[in-house]
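Read the figures in this text as sums done on the coordinates, not as results from a lab. All values derive from a computational prediction rather than experimental measurement. Cβ coordinates were reconstructed from backbone atoms using ideal geometry, including for glycine residues, and neighbour counts include every protein chain displayed.
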Amino acid sequence: MEKRFLFLTSAPIQKDYFLASLEEAGVAPETVTFSDASSGEFLADAKLAASLDDVLPLLHDDLGVSIALLCCHQRTSFEEKLLRNALRYMPNQCSYPTDVIMREISFGDFSSFGPLVRLFRDVPRDLMLTAGAYLRCGLDASLAANKLIIHRNTFNYRLNAFVAKTNLDIRDYHNALLLELYFDLSGGRL
């Protein structure tokens, strides 16, 4: 599954060297866009996150800057905030939104809770129930449909509607984990 990787460095970087290092790790250079001299994004297969996690300490040593990579599903102000905190709390690592939120919480920083709640605030209750059942059933759509006592096609329709409404495809483990974190932090309220 293709993911968006946001990057941020503690100082401007040598773009050519950075691009060459990403290419060696398997990132197509044409997918990399720079927002400025120290940030940008690229698209790559989610499986690449593990390889990139190995490259970041080397880039840190070679370039003399701290680097944060956030593997996420979209780029909004929420992900931008998480990226800044990834650089602060988890430099030279490839992280997912849930990793950063949990690290923030471990430092007593609950500033991501509000944006996380807003992500799901306008989602209709039936779609939240569908998504919650999907999580509780281990991402097994057939089991979740049976649990909700609805036809599998109805379940698929609702799950697709949830994905369209939130832009969060919870069929992906890390996206499902973000929703699970929301349920845990909000006390399971729907």
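Around L6, with a cut-off of 12 angstrom between Cβ atoms, what is the net charge of the other residues, counting Lys and Arg +1 and Asp and Glu -1? Charge balance near L6 sits at +2. Taking the DSSP beta bridges with both ends in the chain, the antiparallel portion is around 85 percent.
What percent does the relative contact order of the range 2-109 come to when contacts are Cα pairs within less than 8 Å and at least six residues apart? Relative contact order of the range 2-109: 31 percent. Neighbour counts of C-beta atoms inside 10 Å place C71, C137, C94 in the sequence C137, C71, C94, starting with the fewest. Converting phi to 3J(HN,Hα) with the Karplus coefficients 6.51, -1.76 and 1.60 and the offset θ = phi - 60°, the range 46-61 yields 4, 5, 6, 4, 5, 5, 5, 4, 6, 6, 4, x, 5, 4, 4, 5 Hz in sequence order, with x at every glycine or proline.
When D62, D54 are sorted by how many other C-beta atoms sit within 10 angstrom of their C-beta, beginning with the fewest, the order is D54, D62.
Applying 0.36 nm per residue to the separation of R125 and D53 and subtracting their alpha-carbon distance, the gain on full extension is 22.2 nm. Dividing the convex hull volume of the alpha carbon atoms of the range 2-109 by its residue count gives 90 Å³ per residue. Around A44, with a cut-off of 12 angstrom between Cβ atoms, what is the net charge of the other residues, counting Lys and Arg +1 and Asp and Glu -1? So the environment of A44 carries a net charge of -2.
Plugging the Kirkwood radius over Cα pairs into Stokes-Einstein for the chain, at a temperature of 25 °C and a viscosity of 0.890 mPa s, what D comes out in µm²/s? Please list the in-between numbers first.
On the way: Rh = 17.6 Å.
The diffusion coefficient I find is 139 µm²/s.
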